[in-house]
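Participant: Here you go, one structure.
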Amino acid sequence: MAERENRRGKGRDREETPEFADRLVAINRVSKTVKGGKRFGFAALVVVGDQKGRVGFGKGKAKEVPEAIRKATEQAKRQMIRVQLREGRTLHHDMEGRWGAGKVVMRTAPQGTGIIAGGPMRAVFEMLGIQDVVAKSIGSQNPYNMIRATIDGLKKEASPRSVAQRRGKKVADILPKRDDAPDASAQVSEEA
């Protein structure tokens, strides 16, 4: 029996390692009117990520703020997704995400651009580890919908490696050709 508890305890310790960063996005105070007055509760929205390509969000409700944040953080850790990043700093391609009335557009950006995005989307990108991205939210400004739409868009991302593997081709066949080398037609005209 003690051995089983010890195993459970080890799993908990491993989960609590500070490998994940978290960001509180929104906190909402809600009240319930009862016979003696009002009872207040709190709802928290938290984004968690390892800043290396994994991100998740969660929401928690409780009578106290710290408890609501703890519940939201635990839920976020349970439902994390992995996103392939190009050069570890930006997205592979432009994409859109939708959730309800919320719509977000995310675009790749050259190095040095930074994160150009509004509140809840910025939190997702920072926790994901993206350094360069341009994003715009259209429609709903509700933070819950914005985060869900952002996650929806990120789930659609496909790296060249995964596309090549799915199609049975090489990565070089998938990527567009670069025009670094001089054209063969230009060399022929010079010779003539």
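Participant: Pop a pseudo-label 7 angstrom from the Cα along the beta-carbon direction at both Lys177 and Val163 and give the gap in nm to one decimal.
Facilitator: 1.7
Participant: Now a separate question. How many angstrom lie between the Cα centre of the stretch 115-137 and the Cα centre of the stretch 13-73?
Facilitator: A separation of 20 Å, based on Cα centres.
Readers should treat all values here as calculations from the given coordinates under stated rules, not as data from a laboratory. These numbers come from a predicted model, not from an experiment. Neighbour counts run over all protein chains shown; Cβ positions are idealised from the backbone, glycine included.
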